[in-house]
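Take a look at the structure set out below.
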Amino acid sequence: MKRTQGKTMFYLILIAAAVLVGVAVAAEPSVPVAQIRDRWAQINYQTPKPQREAAFMALSKQAAQARQAAPRDAGALIWEGIVLSSLAGEKGGMGALSLVKQARADFEAALKLDPRALDGAAYTSLGALYYQVPGWPLGFGDDDQARQMLKKGLDIDPNGIDANYFYGDFLRDQKEWGPAQAALQKALAAPARPGRDVADAGRRHEIEAKLHDVMGHLAK
């Protein structure tokens, strides 16, 4: 079922967050991509909110350069999409629509090159867009597509913090409280990612907040 017209705001993860964080990787990304990934975490979790939009705007230019320098690097496409999604989350409203459309194109292009890149991060990131972006006529949000993409991400990275977090948050959005609790608890128990201390700490804080909300509903 497509997202209804009433959902008029873009909430991105990373959530965020509507903001997306790079998922655990089977192979290390290239140096330029790793630099973008680490800078993203600094902006998303350590930069004061009034400064984030400008910081993400600058990072989006760096991400575009990395993608242009290596157009067949799925990781570069994924991280450009993540940065654009985060920038959209800071801008909010209809002004973010062109950014999330570009992010979607990046994730789809990455899937064509390598669906398993960054442990399926393109599937997870695309799924997050589908459930957080409004549906027609305002946007392209679609809960059925979101579920499908998020499950594909989980198939590739079943124990990853981000794959489980976003699936759990989607289930919370659907008011599937029991399954949401299970997925978020699995995300919270995910192993730490080497060199990703800032991202892991920020994501765990988000997980705990979403779990608190889910537990409140289960207690009613």
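Could you pull out every whole DSSP H run in the chain that spans at least 15 Å of Cα extent along its own axis and averages -1.0 or higher on the Kyte-Doolittle scale? Those that pass (Cα extent of 15 Å or more, hydropathy at least -1.0) are 31-46, 49-69, 74-91, 97-113, 121-132, 161-173, 177-188, 197-218. In the neighborhood of ARG172, defined by Cβ-to-Cβ distances under 10 Å, what is the net charge if each Lys or Arg adds +1 and each Asp or Glu adds -1? Charge balance in the 10 Å sphere: -2. On the accessible surface of segment 114-220, probed at 1.4 Å, how many percent belong to carbon and sulfur atoms? For segment 114-220, the apolar C and S fraction of the accessible surface comes to 54 percent.
A quarter of the convex hull surface defined by the alpha-carbon atoms of segment 83-136 gives 3.6 nm² as the mean projection. In percent, rounded to a whole number, the relative contact order of segment 94-153 is 30, using alpha-carbon pairs under 8 Å and six or more apart.
Projecting the Cα atoms of PHE140, LEU87, ALA122 onto the charge dipole of the chain, computed from C-beta unit charges around the Cα centre, puts PHE140 farthest toward the positive end. Spacing of the modelled spin labels on TRP136 and GLU108, each 7 Å from Cα toward Cβ, amounts to 1.5 nm. Summarised in one figure, the compactness ratio Rg/Rh of segment 125-176, Cα atoms and Kirkwood Rh, is 0.99.
For the chain, adding -39500 (n - 2.57) for each run of n ≥ 4 DSSP H residues and dividing by the number of residues yields -22000 deg cm²/dmol at 222 nm. Pairs spanning more than 20 Å between alpha-carbon atoms, out of LYS175/LYS210; LYS112/LYS152; LYS61/LYS101; LYS112/LYS151; LYS49/LYS151: LYS49/LYS151. Cα gyration tensor of segment 21-145, axes a ≥ b ≥ c as square roots of the eigenvalues: rounded (a/c below 1.5), prolate (a/b > b/c) or oblate? Judged from the Cα gyration tensor, segment 21-145 comes out oblate (a/c at least 1.5, b/c at or above a/b). Stokes-Einstein, applied to the Kirkwood radius of segment 151-204 over Cα pairs at a viscosity of 0.692 mPa s and 37 °C, places its translational diffusion at 294 µm² s⁻¹.
With protein chains left intact and a 1.4 Å probe, residues in the chain average 44 Å² of accessible area per residue. The stretch between ALA58 and ARG116 holds 18.1 nm of extra length on full extension. This uses 0.36 nm per residue minus the Cα-Cα distance. With the convex hull drawn over the C-alpha atoms of segment 64-209, the volume per residue is 115 Å³. When the Gaussian network model of the chain links Cα atoms closer than 10 Å, the mean-square fluctuations of TYR130, TYR45, TYR167 top out at TYR45.
Per-residue extension of 0.36 nm, minus the Cα-Cα distance of GLN68 and ALA209, leaves a gain of 47.0 nm for this segment.
Distance distribution P(r), segment 40-103, all Cα-Cα pairs, bin width 10 angstrom from 0: 25, 51, 23, 1 percent.
The values are calculated or read from the model by the stated rules, or taken from the named source; none is laboratory data. None of the values given here were measured: they were computed from a predicted structure. A quick note on method: Cβ atoms are made from the backbone with ideal geometry, for glycine too, and the neighbour counts reach across all protein chains shown. Side chains included, ligands, DNA and RNA excluded: accessible areas come from the protein's heavy atoms. Shrake-Rupley method; radii C 1.70, N 1.55, O 1.52, S 1.80 Å.
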